[in-house]
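The values are calculated or read from the model by the stated rules, or taken from the named source; none is laboratory data. The structure displayed is predicted, hence computed values, not measured ones. With ideal geometry, Cβ positions are generated from the backbone for all residues, glycine too; neighbour counts draw on all protein chains shown.
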Amino acid sequence: MDRAVRRTKTVFWELANLKLIWIGFFPSHYIRRFFYRLFGIKIGSGSAIHTGARFYYPPNIEIGADTIVGESAVLDGRDKLYIGSHVDIASEVMIYNAEHDINDENFKALTAPVKIGDYVFIGPRAIILPGVTIGKGAVVGAGAVVTKDVEEFAIVGGVPAKPIGERQNKNPNYKLGRAAWFR
């Protein structure tokens, strides 16, 4: 019986994800945001999610105010995913909070929450792995694979991501501006 319940939940969320994929290409931030909220994503005021975004279990995803998520981003909600305010997530970024235990004989899934602080910038095609916390004001370079926590205002890059600098502005207070209409 337990297996049937799990399977039913999986099918339900797969169908929900399919609908979110379709909604993700509608050319209006307002309409996309309405449906994303309807499916359980908590989205702060002024935030925008550009076209083609993909979600895994939306109710565990929370996005702060004035945050922009770029085209074709992947946001994983199989554990808690918190994205702060004034965060700029570039195109094709993948944020995962679930992975497989490669040493387990059943290849079981492991999950861990991901937290991204305020005023963070994540460059294009970066990958954030489960259990990572990215501190306030940090910068993740394009194509970086973040496997460990990133300190506040640190600049990281590479595979795996390592510190390569430090952000000079320790008191950011900018607004990201308006999202492009048809993205």
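Observations on the model:
- Scanning the range 47-68 for residues that are assigned to a strand (DSSP E or B) and farther than 22 Å from Gly131 by Cβ gives Ala48, Ile49, Ile68.
- Inspection of the range 105-122 identifies at least one residue that is aliphatic (A, V, I, L, M), modelled with pLDDT of 95 or more, in contact with a Gly (Cβ under 6 Å, 6 or more places away or on another chain) and more than 30 Å from Pro27 (Cα to Cα).
- Glu71 being surrounded by 14 or more Cβ atoms within 10 Å (Cβ to Cβ), within 18 Å of the chain's Cα centre (by Cα), of a type in the set (Asp, Glu) and under 18 Å from Thr133 (Cβ atoms): no
- Residues within the range 74-123 that are part of a strand (DSSP E or B) and hydrophobic (A, V, I, L, M, F, W, C), tallied: 14
- Taken over the range 141-152, the criterion of being over 16 Å from Val74 (Cα atoms) and either among the aliphatic types (A, V, I, L, M) or touching a strand residue (DSSP E or B) at 6+ places or on another chain (Cβ under 6 Å) (or both) is satisfied by Gly141, Asp149, Val150.
- Taken over the range 18-33, residues that are under 18 Å from the mean Cα position of the chain (by Cα) and either surrounded by 16 or more Cβ atoms within 10 Å (Cβ to Cβ) or of a type in the set (Phe, Trp, Tyr) (or both) amount to 7.
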